[in-house]
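What follows is a set of notes on a single structure, which appears directly below.
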Amino acid sequence: MDGLARFTAPAFHGSRVSLAWIPFFERPGFLTSAFVFDATGSRVKGHITDLSGESMIEEGKKAPAFSLPSSDGGKVALKDFAGKKVILYFYPKDNTPGCTQEACDFRDNMARLQAAGAVVLGVSGDSIASHERFRDKFELPFPLLSDETHEMMEKYGVWQEKKNYGRSYMGVVRTTVLIDEKGVVRRIWPKVTVKGHVDAVLAALAED
């Protein structure tokens, strides 16, 4: 459910509602997302945690600091963008279909994103060499950051246990985080569906 802008179940109109996604198997490492909606159905707060109790990120609180190698050379730190809105999007792997589409969607909307005062940073566990090839192939106009140790992604709660065809493994849960000019988390989109996602981000930017 990308965007989570409105919650429209008629039975809850007029009431404050908390909504959480909790995996069937309660095992450490699984991602849990929780959101609170006001009486009109507007989302007022969200956060990411896991069932082990590890602290992740929460809307309205400071985003964890980071400094990572960049495809543009050197390192990029969150503090470098003080005074700007940051769209920090986490994706599983360079050159895969969904990740390519997501990157190209951000690329194709860069003028609109920049007009809203935002910068885009992509993050995955791929190497800088892989990022450079991915950037050059699709002419991506924003930095791709490399977190090969997964330490930063763990801080943001996006490095999680995943399942595919009965196999369990650790990987990136596709997630976007909008950080404001003061370094505060303003929106979280967990388990992103690529189609229409950039439009949801632009809509959130327009609300600020």
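Some observations on this one:
- Restricting region 55-88 to residues that are polar (S, T, N, Q) and in contact (Cβ under 8 Å) with a residue 40 or more places away in the chain, the residue that is nearest to Thr149 (Cα to Cα): Ser70
- Enumeration of residues in region 51-100 that are surrounded by 21 or more Cβ atoms within 10 Å (Cβ to Cβ) and modelled with pLDDT under 95: Ile57
The values are calculated or read from the model by the stated rules, or taken from the named source; none is laboratory data. All figures in this text were calculated on a predicted structure; none of them were measured in a lab. Ideal geometry is used to build each Cβ from the backbone, glycine not excepted, and the neighbour counts take in all protein chains shown.
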